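Have a look at the structure below before the remarks.
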Amino acid sequence: MHRLTNRHILIGITGGIAAYKAAELTRLFKGVGAEVRVVLTDAGAEFITPLTLQALSGNPVHQSLLDPEAEQGMGHIELARWADLIIVAPATADFMARFAGGMANDLLTTLCLATDAPIALAPAMNQAMWRDPRTQQNLETLLSQGVNIFGPGSGEQACGDTGPGRMIDPTDILASCANLIANGPLNEKSVVITAGPTREAIDPVRFISNHSSGKMGFELASAAAKAGANVTLIAGPVSLPTPKGVRRVDVESAEQMLEAALVASEQADIFIGAAAVADYRPQLVAEQKIKKGAEEVMEILLTKNPDIIATIAGQPERPLMIGFAAETENLVEYARSKLVRKGLDLVIANDVSQADIGFNADQNEVILVGPNGELPLPKAGKSELAEQLISHISQLMD
Ligand code: C5P
């Protein structure tokens, strides 16, 4: 899997003759499985049509900051958050000046100010404009602020001059962008994580569920993405923001979670089951809201849910399988029996009898139970622990 697969790439196109090469760049990003959105400045639109870029990116092109219709679809702040990487290609002298000056006078500069994602520019301009001390000063400012500058190349220019200022080739821009995406032990690995509770419907307004917050699974997804993995997070109903660089699939019931997990794990290298899946669901879901009757007791017949992690572990070409065991006693013994019974490679066991760790808490303390032994990890915040767990898990891939 390519490092850019499933990544959210925002391509900014400003007004230079090299804008036509942005079409090829868009195609290249799509070719490696990235999700692409294009932001075109007014000057950019003089060189290339939004229709071309819409067809190539598969998404509507964003052109204006204060367009109520576009804001309804994906507002500018949402777009800034959506991006895992912003690449401005071509970046004109004017764009560099406006960005270096902290301007937010169009959609693209606004997004660049509002995003947390890495930003890269592929400058393209006449050689004299590139050499101009003001452009060079803007370049210095941008570099000192952590903006990545790819190129420019040197050679014959559209205006007939020869010198520095040519936009580098789209293939080189793609490769440089790939290097900016999180780099770590899980590079090019695909990780599927289930998280949160499931909801099992009783009738249209009621359900059976549990108190799982989804925090551990979300932290693991974030840590895996930071380690360079391509992460699909299958989340039950939780109120947590999607971690940066993670593809999220929302589900409600265990059956929906299984379906999503089967699809996502086809290409996966690692599967982590952090979800607190409801063991049982109502056998019959009432079509209408169940009315309160005269009886003092009512019965709901439950049927067993599929075991998601055991189902995936039983597939012929299965990923490395990691499960959780939340126990109130006999921690290691129960975790080991889960390891064997569900056909897993590692079980992360935690004691949920203590209120300050595990279920719905911010901290956790776990014991890793593998086929050849146990390794306790000390109590830590879920985010720190997630990083340690991802580091252990990546070693199992070697
Ligand atoms: O059997 P138990 O629920 O204790 O097992 C916990 C592990 O199994 C967790 O990794 C959980 O995500 C997974 N699991 C599952 N499907 C179920 C029940 C549990 O994937 N139906």
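The values are calculated or read from the model by the stated rules, or taken from the named source; none is laboratory data. These figures come from a predicted structure and were not determined experimentally. Note that we place each Cβ from the backbone using ideal geometry, even for glycine, and neighbour counts take in every protein chain shown. Ligands, DNA and RNA are stripped out before the accessible areas are found, and what is left, the full protein with its side chains, is counted by its heavy atoms. Shrake-Rupley method; radii C 1.70, N 1.55, O 1.52, S 1.80 Å.
Structural remarks
- Unit charges on C-beta of K, R, D, E only; dipole of the stretch 190-396, Debye: 380 debye
- Couplings 3J(HN,Hα) of the stretch 79-95, computed from phi: 5, 5, 6, 4, 5, 8, 7, 10, 10, 9, 8, x, 9, 7, 4, 5, 5 Hz, in residue order, whole Hz [Karplus 6.51 cos²θ - 1.76 cosθ + 1.60, θ = phi - 60°; x for Gly and Pro].
- Asp250 contributes about 100 Å² of solvent-accessible surface, heavy atoms of the protein only, 1.4 Å probe.
- Taking the convex hull of Cα positions in the stretch 1-145, its mean projected area over all directions (nm²): 8.2 nm²
- Solvent-accessible heavy-atom area per residue, rounded to whole Å², over the chain at 1.4 Å: 47 Å²
- Global form of the stretch 325-398, assessed from the alpha-carbon gyration tensor, a/c cut-off 1.5: oblate
- Sequence-ordered 3J(HN,Hα) estimates for the stretch 383-398 from the Karplus curve with 6.51, -1.76 and 1.60 and θ = phi - 60° stand at 6, 5, 4, 4, 5, 5, 5, 5, 5, 5, 5, 5, 5, 5, 7, 5 Hz, glycine and proline given as x.
- Centre-to-centre separation between the Cα atoms of the stretch 216-238 and those of the stretch 300-371: 17 Å.
- What you get for the chain, charging only the Cβ of Lys and Arg (+1) and of Asp and Glu (-1), is a dipole of about 280 debye around the Cα centre.
- Sequence-ordered 3J(HN,Hα) estimates for the stretch 117-127 from the Karplus curve with 6.51, -1.76 and 1.60 and θ = phi - 60° stand at 6, x, 10, 10, 10, 10, x, 8, 6, 4, 4 Hz, glycine and proline given as x.
- Inter-centroid distance (Cα atoms) of the stretch 15-65 relative to the stretch 376-395, Å: 40 Å
- Among beta bridges that DSSP assigns inside the chain, antiparallel share in %, nearest 5: 30 percent
- Positive-pole candidate from Gln136, Ile202, Gly153, dipole of the stretch 121-212, charges at beta carbon: Ile202
- Helix 133-144 axis, angle to the chain major axis (alpha carbon atoms, nearest 10°): 10 degrees
- Cys159 accessible area, 1.4 Å probe, all protein chains in place, Å² to nearest 10: 80 Å²
- Figure note: Leu284, Leu180, Leu25 ranked by solvent-accessible area, largest first, 1.4 Å probe, ligands and nucleic acids not counted: Leu284, Leu180, Leu25.
- Span per principal axis, largest first, for the Cα atoms of the chain (Å): 85, 53, 39
- Ser57, Ser239, reordered so the largest accessible area comes first (probe 1.4 Å): Ser239, Ser57
- Note on the chain: lysine pairs with Cα distance below 24 Å, sequence gap of 8 or more or different chains, count 24.
- In the complete set of protein chains, residue-level accessible area for Leu262 is approximately 60 Å², probe 1.4 angstrom.
- Rolling a 1.4 Å probe over the protein heavy atoms of the chain, with every protein chain left in place, gives an accessible area that is 50 percent carbon and sulfur.
- Listed residues Lys382, Lys304, Lys342, most fluctuating in the chain (Gaussian network, C-alpha, under 10 Å): Lys304
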